[in-house]
Every structure is written in C-alpha cells, then in structure tokens.
Amino acid sequence: MKSAKFATLAAMAAWLMAATPLPAHHSFGAEFDLDKPITLHGTAVKWEMINPHCYITLDVKNDDGSVTRWSIEMGAPSSLCRNGWRKDSVKPGDDLTISGYRARDGSNTIFGSQARLADGRRVLGGAPRSAPADQPQGSPAPEKQPNQ
C-alpha cells in the first residue's frame, strides 16, 4: 500500500514539475548595457512584429555621409500592441527616432525602449525595468488606467 501511495505521489510531483514553465529567456543585462544609452535617427528598412521580440532595421546616416545599418530589438508583440504599436506602425522609408541601450558585444544593435514614429506618435518599445528618460528616478509611477 505504501509503495502505491509513493508511486502516485512521485507521479504527481513529476507531472507538476513538467507543467511548470521554466524561465528560458535571456537576460536583458546579459545582452544590453543600461550604462550605454543611445538615440538613433534614421530611415526604416524593415519592421518585424514576430515572437518572441519585434525588430526594426534602421539605416542611420553618419556625419561623413556614410550609412550604418542598425538592428533594434524590442519587446514582444503583445506588449508592443498594448503600448500602441500595430503591424503597420512602421513602413520602409519611414523617418524614425529610437532611444534605447547598446548591445554589450559592440555590434550595431540596441534594445529600443522608446520610439517616435513617422506620424509623430511616441510609443514605448518594452523598456527594461528602469525609469524612462523623461521620468526622474524615484518619482512615482503613473497610475494604471482601467481597461475600457
């Protein structure tokens, strides 16, 4: 009788462990550096609203006239939709300004925390857990609005 109870408990424990989601996502801090903020102004080449992250490819004109291609990683599509993004928010040729944080590996990659779109709207890109540039550290977070 005891072995049957043990087997049942062991099976239930194994089932619960298998059903528990495991954190399989990379760390923001492992890839991007909060001490290296950057703002890019350029022309959209590509907009990908795909899981697990959205991406913008941006051509930025340098002071010498050359162009550098940047990759901007952003939050998940569901998060961006809640922040006002849509599949048609960015079109090739759009003029964009994106603020974020540089990649630690020195590549032309940033995590985009805020963007000014071609239509003038400012939208969040899935910022890391820090105060936005226009909100001083220590100030209270804005109140959440109820769903309408």
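The values are calculated or read from the model by the stated rules, or taken from the named source; none is laboratory data. Owing to the predicted nature of the structure, the values given are computational and were not obtained by experimental measurement. Backbone-built Cβ (ideal geometry, glycine too); neighbour counts: all protein chains shown. For the accessible areas, the whole protein counts, side chains as well, though only heavy atoms, and no ligand, DNA or RNA atoms are used. Shrake-Rupley method; radii C 1.70, N 1.55, O 1.52, S 1.80 Å.
Quick look at the values:
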item: Lone unmet requirement of (1) open to solvent by 70 Å² or more (accessible area, probe 1.4 Å); (2) at pLDDT 90 or above for Phe111; result: (1)
item: Residue check for Val45: open to solvent by less than 30 Å² (accessible area, probe 1.4 Å) and in contact (Cβ under 8 Å) with a residue 24 or more places away in the chain; result: no
item: Contacts under 8 angstrom Cβ, first residue in region 81-101 being farther than 19 Å from His53 by Cβ and crowded, with 17+ Cβ neighbours inside 10 Å, partner of a type in the set (A, V, I, L, M, F, W, C) and modelled with pLDDT under 95, 6 or more apart; result: Asp94/Leu117; Asp94/Ala118
item: Residue within region 118-136 that is modelled with pLDDT of 90 or more, within 20 Å of Glu31 (Cβ to Cβ) and not basic (Lys, Arg) present; result: no
